[in-house]
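Trainee: Handing you this structure, nothing more for now.
Rule-based calculations on the coordinates, nothing more; no lab input. The structure displayed is predicted, hence computed values, not measured ones. Here the Cβ is made from the backbone with ideal geometry for all residues, glycine too, and neighbour counts use every protein chain on show.
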Amino acid sequence: TGWWDGLFFRNGNNNYSAAGVNVATWAVRFDLNTFEAFPADGNLKVRLGGGGDTHFYDFNLNNSMGFSNTNGWITVTLPLSGFKHESTGAPIPDAALGGSEFGMIWSSGVSVKVNLGIDNVRFEPIP
């Protein structure tokens, strides 16, 4: 893949609820398994919101966690306070903004091979 490739998106507010979710104490969590080494170039970008109110959390296994292969399933925790507005860099003020669109993309300036599994995406309090 290269540049900007969508991995998955959930569009629309149907059945989306952020009731009781506090941006300061909650996170997006998901399970990740790399089937091949995670590329050092580029980022997995987790997206909350849409239109002019989109917030991203940029994640790279090498840079964020210091290794390139999970050797099985691991749980990744992305604090909601780390989601930044795509234009201003301001933190996401309310988890309810994620209801318009939620998804993950791969963003890279070079062509790389991304071979991974993502499962069990959820909102949870930070452990």
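Trainee: Long-range amide H contacts for LEU116: which residues qualify at under 5 Å (H placed 1.01 Å from N, peptide plane, sequence gap of 5 or more or a different chain)?
Mentor: Sorted by chain and number, the residues that satisfy this are PHE35.
Trainee: A further question follows. Taking θ as phi - 60°, what are the ³J(HN,Hα) couplings along the stretch 61-66 by the Karplus curve (6.51, -1.76, 1.60), each to the nearest whole Hz, with x for Gly and Pro?
Mentor: Per-residue couplings from phi come out as 3, 4, 7, 7, 10, x Hz.
Trainee: What distance in nm separates the simple spin-label points at ASP53 and THR88, each placed 7 Å from Cα in the Cβ direction?
Mentor: 1.1 nm
Trainee: For the stretch 34-88 and the stretch 108-126, what is the separation of their C-alpha centers, rounded to whole Å?
Mentor: If we compute the Cα centre of each part, the gap is 6 Å.
Trainee: On to the next question. Around ASP53, which amide H atoms from residues at least 5 apart in sequence, or from another chain, sit under 5 Å from its own amide H, with H modelled in the peptide plane?
Mentor: Under 5 Å from the amide H of ASP53: no residue qualifies.
Trainee: Can you run the Rg to Rh ratio on the stretch 43-126? Use alpha carbon positions and the Kirkwood inverse-distance Rh. Before the final figure, lay out the partial values.
Mentor: Numbers: Rg = 13.4 Å, Rh = 14.0 Å.
Reported Rg/Rh, Kirkwood definition of Rh: 0.96.
Trainee: Would you mind calculating the gained length between LYS113 and PHE35 on full extension (0.36 nm times residue separation, minus the Cα-Cα distance), in nm to one decimal?
Mentor: Details: separation 78, 0.36 × 78 = 28.08 nm, distance 1.09 nm.
Additional length available on full extension: 27.0 nm.
Trainee: Tell me which residues come under 5 Å, amide H to amide H, from ILE126 once H is placed; ignore anything under 5 positions away on its chain.
Mentor: The answer is TRP26, ALA27.
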